[in-house]
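First the structure, in the form of structure tokens, and then the observations on it.
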Amino acid sequence: MITTHRPRRSVLYMPGSNARALDKSRTLPADALIFDLEDAVAPDAKVTARIQVVQTVEAGGYGKREILIRTNGLNTPWGYDDLAAVAAIGADAILLPKVESAEMVRQAESVLVTHGAATELAIWCMMETPRAMLHAEEIADASPRLGGLVMGTSDLAKDLQAQHTAMRLPLITSLGLCMLAARAARIAILDGVFLDLNDQEGFVESCRQGAELGFDGKTLIHPKQLAAANEVFAPSDEEIRLSQEIIEAYAEAEAQGRGVVVVDGKLIEKLHVDHAKRVVALANAIRPLA
């Protein structure tokens, strides 16, 4: 699934068992919401959470926000019923937990299709185990429905027996493997969560690192993280200005038959124009959300 320039700067997890939070999320400045039926829901609340999420999504009112539903795995008592219940309720995507192979994606897709999933319903995959890292390419290419990968860095660090460091050096190889797989498949990829809600400076630096690595945005655990993620993962005014200048200068040079284009003293090639067009398209998509 070729991705559009849809903004995914801030993607907030919302517990499916918390009806009040689901309702409040209609007013939050998040680009996307993940209604969670998995980790955020206790076993005895799974069925209630599923019913609430279905009713919430069907009720609508989320405007341009992208709606993803994280189901339980098919190897759990709730996974099949989750997929069956949410297949055709109007969500943008289903987020599968702990994906480790292309076959896991295809099994879930079969259930969704059996229960009436529309062709535009995307499948996203949580990448949160060492085996997932080793199979990132096959997972990203598993289905035309694949819309994106989501890093589950907390579970990954646990399984790697790695430490949570400021620069996340123990995770860099894993982040890179998934980034390569996502970009090769031309799908989106989201960075993992930052757990310390009292460390705002650390959170901002984590966002900046994610943006530098190429992530489309960051998954979040609290609304207080929205503003910083939206700012860091959005093009700056200077980036937008320069991008527009590059696009215009290149078009003018082509019209005049000139082979050399220089903007701000730098030689411009088609790769710079492609990047500039992506920046402008993203900025234009963000504007209605502001």
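The values are calculated or read from the model by the stated rules, or taken from the named source; none is laboratory data. Since the model is a prediction, treat every value here as computed from it, not as a measurement. Cβ coordinates were reconstructed from backbone atoms using ideal geometry, including for glycine residues, and neighbour counts include every protein chain displayed.
Couple of notes before you dig in:
- Annotation note: of 49, 91, the sole residue that is in contact with a strand residue (DSSP E or B) (Cβ under 7 Å, 6 or more places away or on another chain) and among the hydrophobic types (A, V, I, L, M, F, W, C) is 91.
- In region 225-257, of all residues being more than 15 Å from residue 284 (Cα to Cα) and small (Gly, Ala, Ser), the one that is nearest to the chain's Cα centre (by Cα) corresponds to 229.
- Residue 104, sole failed condition from (1) under 18 Å from residue 116 (Cα atoms); (2) aliphatic (A, V, I, L, M); (3) assigned to a helix (DSSP H, G or I): (1)
- Only one of the numbered conditions (1) in contact (Cβ under 8 Å) with a residue 24 or more places away in the chain; (2) surrounded by 13 or more Cβ atoms within 10 Å (Cβ to Cβ) is not met by residue 211, and that is (1).
- The single condition from (1) under 17 Å from residue 193 (Cα atoms); (2) not assigned by TED's automatic domain parsing to the domain that holds residue 220 that residue 5 fails is (1).
The rows are residues; the columns are (1) in a loop (DSSP other than H, G, I, E, B); (2) touching a residue at least 24 places away in the same chain (Cβ under 8 Å).
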{"position": "50", "(1), (2)": "no, yes"}
{"position": "56", "(1), (2)": "no, yes"}
{"position": "64", "(1), (2)": "yes, yes"}
{"position": "69", "(1), (2)": "no, yes"}
{"position": "73", "(1), (2)": "yes, yes"}
{"position": "76", "(1), (2)": "yes, no"}
{"position": "84", "(1), (2)": "no, yes"}
{"position": "89", "(1), (2)": "yes, yes"}
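- Test result for residue 46, charged (D, E, K, R), surrounded by fewer than 23 Cβ atoms within 10 Å (Cβ to Cβ) and under 19 Å from the mean Cα position of the chain (by Cα): no
- Boolean, residue 225 is among the polar types (S, T, N, Q) and in contact (Cβ under 8 Å) with a residue 12 or more places away in the chain: yes
- Selection of region 202-239 for residues being of a type in the set (S, T, N, Q) and out of contact with any Cys (no Cβ under 9 Å at 6 or more places or on another chain) yields 206, 209, 219, 230, 236.
- Residue match in region 38-48 (condition: of a type outside the set (Val, Ile, Thr), in contact with a helix residue (DSSP H, G or I) (Cβ under 6 Å, 6 or more places away or on another chain) and either modelled with pLDDT of 95 or more or not in a helix (DSSP H, G or I) (or both)): no
- Subset of region 214-241 (residues that are among the basic types (Lys, Arg) and either assigned by TED's automatic domain parsing to the domain that holds residue 33 or surrounded by 18 or more Cβ atoms within 10 Å (Cβ to Cβ) (or both)): 218, 224
- Looking across region 165-179, just one residue is surrounded by 16 or more Cβ atoms within 10 Å (Cβ to Cβ) and not in a helix (DSSP H, G or I), and that is 168.
- Residue 1 meets all of the listed conditions (1) in contact with a Gly (Cβ under 9 Å, 6 or more places away or on another chain); (2) modelled with pLDDT of 95 or more but one, namely (2).
- Of the helices (runs of 4 or more DSSP H) lying entirely inside region 180-290, those containing at least 3 residues that are at pLDDT 95 or above and closer than 28 Å to residue 128 by Cβ are 200-213, 226-232.
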